[in-house]
Amino acid sequence: MRTLLKLLIGISVTLFTFSLIVAAVYSQLPSDAEAGLKYFNGDVAFKNGGPACISCHSISALDVSGGSVGPDLSRVLEKGKFTNFGGDVTKLKEYLSSPTTPTMKGVWSAAPLTSEEVNALASLLEYAFSQAPAGPSIEYGPPIYEFLFVTAAVAGLVVALLAYIFVLRRGG
Ligand code: HEC
């Protein structure tokens with residue numbers, strides 16, 4: 001009976017620790033970037049009726065694959081193929097509000113993005129850039145949160161084992 005009780009305590013301590021770790025990891029995920037992704041994918045329509053970005057762009061750093069009419073946007077915050085924002089989010093937002101390159105201009109001058117849409121998309125591209133590895137390589141690994149999730153799971157397992165051993169040791 002007492003052993004069972006100790007086991008239950010051990011398990012609940014473990015689950016609690018694990019959920020704390022997972023919650024900590026998830027709270028780091030920017031929710032405005034998530035809103036941006038919904039616009040990008042076309043899950044949420046643009047107010048002025050513009051086409052979903054994914055019809056022409058991919059963001060390989062986030063495993064988002066779309067059309068290839070426009071360049072991959074993983075690192076566009078730093079330096080794009082046609083733009084050079086130098087890591088300045090304000091410049092990226094200005095561009096999205098009224099694009100200066102020919103195709104983008106043609107598409108978005110007829111159906112401009114709202115400032116809310118621009119902010120969400122800029123957060124998405126900022127997040128994508130934070131996930132893109134440095135250097136000119138186009139080889140992108142999995143998004144960092146997958147890695148963090150696996151790390152959290154392993155940490156939870158280790159804590160589980162330690163808690164279990166600790167409880168058994170104390171009670172005998
Ligand atoms: C009809 C196809 C099309 C759609 C839809 C589209 N783009 Fe583009 N985009 C392009 C093309 C083509 C370029 C290359 C520059 C040019 O010709 O305008 C580009 C360039 C860009 C650039 C600069 C890239 C660089 O490397 O310099 C950004 C940033 C961008 N687009 C963001 C977006 C976002 C965000 C959306 C959705 C709101 C979007 N685009 C929707 C075709 C598109």
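The values are calculated or read from the model by the stated rules, or taken from the named source; none is laboratory data. These numbers come from a predicted model, not from an experiment. FYI the Cβ positions are ideal-geometry reconstructions off the backbone, even for glycines, and counts take in every protein chain you see.
Some observations on this one:
- Some residue of the range 7-26 being in contact with a helix residue (DSSP H, G or I) (Cβ under 8 Å, 6 or more places away or on another chain), more than 8 Å from the ligand (Cβ to nearest atom) and either assigned to a loop (DSSP other than H, G, I, E, B) or charged (D, E, K, R) (or both): no
- Residue selected from the range 125-144 under the condition more than 8 Å from the ligand (Cβ to nearest atom) and among the aliphatic types (A, V, I, L, M), by the criterion modelled with the lowest pLDDT: Ile138
- Of the candidates Lys81, Lys105, the single residue that is in a loop (DSSP other than H, G, I, E, B) and modelled with pLDDT of 90 or more is Lys81.
- For the range 64-83, the candidate set comprises residues that are hydrophobic (A, V, I, L, M, F, W, C) and either more than 8 Å from the ligand (Cβ to nearest atom) or under 14 Å from Glu126 (Cβ atoms) (or both); within that set, the residue that is nearest to the chain's Cα centre (by Cα) is Val64.
- Checking each residue in the range 108-122 for being outside any helix (DSSP H, G or I) and at pLDDT 95 or above picks out Ser109, Ala111, Pro112, Leu113, Thr114.
- Some residue of the range 67-77 being surrounded by fewer than 19 Cβ atoms within 10 Å (Cβ to Cβ) and acidic (Asp, Glu): no
- The lone exception for Ser60 - which of (1) touching a residue at least 12 places away in the same chain (Cβ under 8 Å); (2) within 9 Å of the ligand (Cβ to nearest atom) it fails: (2)
- In the range 84-102, the residues that are surrounded by 12 or more Cβ atoms within 10 Å (Cβ to Cβ), within 10 Å of the ligand (Cβ to nearest atom), free of Cβ contacts under 8 Å to residues at least 24 places away in the same chain and in a helix (DSSP H, G or I): Tyr95
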